[in-house]
Amino acid sequence: MASIFDRSGNFYAQFYDSGRSPKRKRFSLRTSDQTEARQRLADFERAYENGDFDPWHDDPFSLDDSDEGEGEPEPSTVGEAIDAFCEAKERQGRTESTIRNYRKQWRLFRGRVGGETPLDNLKPQDVRSFVYDSDVKATTGANRHRHVGAVLRWTGHESVIDAVEKPKTGDKLPKALREDELRSICREAVEDYRKKRLSGGCRPREVVWMVPAIRFAYFTGLRGSELGRVRWSHVDLDRQKLTIYLQKNGDESTVPLIEPARKLLRRLYDGEDGDTFVFRSPGCDPAERSARRFREHVSRKFAEWRDEAGVRPELTLHSTRHGYATRLAENGASAFAIKSALRHQTISTSQKYIHMAGKQLQSEVEAAFS
């Protein structure tokens, strides 16, 4: 009849009656303590059974003046759901790009079912037709299932998404950059810089500043946006650690700085203030910029130099991260060690690199006897 769920650290009650409209009625229990929340829910259930409380019509805290105004309105329509969901994720510290992806997928879904459609009226078929759209690939469908499902579960409508099977996309291995390919791309970047300097197409250190950034990504496994946020104050060469702020999951962490990465940083450092960015062009603001635009700019140049160098076209800037993980696996690192170094949320992601290392071993054994 009633259930409890956690939303952004606060607990909510949900009453269900298939004969009423809407079928579900949710309200905040106004506590972040689970034990207290369960006690309050039990009190409300008892009052409901005795006919003293109706969650569809009564204010559960009408007599509690001290808590007046603390409750948050529950999203009731498709249009309201995404705004409430994204506000909660922002409070949790989720990155701008993550929230943007949720809004993008939900906007497409809203275009199918209508923004004014009550959440309680959604049917599994509404989600299924969106996820299994014949005009999109299975990988896109799986992405839609994940994003739309997260919002539906957050609003307490998990039964809708749970009734829709996630599209099967196959087990694709990450595209890992090899060190010889890294050298080829960096050589092409230096050559590009020389040509531009000779023709007057750029100032000193423009363009070429991205070479140490790309190499550093390969030696640390940083994501592109994380690379763009690295400041000198984040670097601790004595402890051989780099602190990573604003990760994909919103947490902070540290990654080890191996000798190639430390050597690169020593060459770059010239006594700059700790708040300045480590990787930047000569003309950029040393302390303020968009990490997303940084990633997009470096990614575009990476693709240009990759093509000029004749390196595999499927490689991207993110392949430096895959390359870092693959090197760990090839040198005997366990899935747990890779998970820690790459800051993966699940061990299954890390295990893919172990599988890749096995394929590399097979290739080397075959070559030895050919």
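A short reminder: the numbers here are calculations on the coordinates, not readings from a lab. Keep in mind it's a predicted model, so treat the numbers as computed, not measured. Ideal geometry is used to build each Cβ from the backbone, glycine not excepted, and the neighbour counts take in all protein chains shown.
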Qualifying lysines (Cα of each under 20 Å from Cα of LYS301; at least 8 residues distant if same chain):
LYS175, LYS195, LYS196
Calculate, for GLU304 and ASN101, the FRET efficiency according to 1/(1 + (r/R0)^6) with r their C-beta to C-beta distance and R0 35 Å; round to the nearest 0.05.
0.85
Taking 0.36 nm per residue of separation and subtracting the Cα-Cα distance, what length does fully extending ALA337 through ARG146 add?
66.1 nm
Starting from the Cα-Cα distance between ASN50 and ARG312, subtract it from 0.36 nm times their residue separation and give me the gain in nm to one decimal.
87.3 nm
Straight-distance crosslink candidates among lysines, where the alpha carbon sits under 23 Å from LYS172 and sequence neighbours closer than 8 are dropped:
LYS137, LYS248, LYS339, LYS352, LYS359
If you filter region 99-166 for chymotrypsin sites (Phe, Trp or Tyr not before Pro), then keep DSSP loop positions with at most 16 other Cβ within 10 Å, what is left?
TYR132
Subtracting the Cα-Cα distance of ILE258 and GLU296 from 0.36 nm times their residue separation yields 11.1 nm
Packing-wise, with mean Cβ within 10 Å as the measure, how do 335-348, 220-233 rank, highest first?
220-233, 335-348
With Cβ to Cβ distances under 10 Å as the rule, what net charge do the other residues near VAL255 carry (K, R +1; D, E -1)?
+1
Could you name the lysines in cross-link range of LYS23, using Cα to Cα under 16 Å and dropping any fewer than eight places away on the same chain?
LYS123
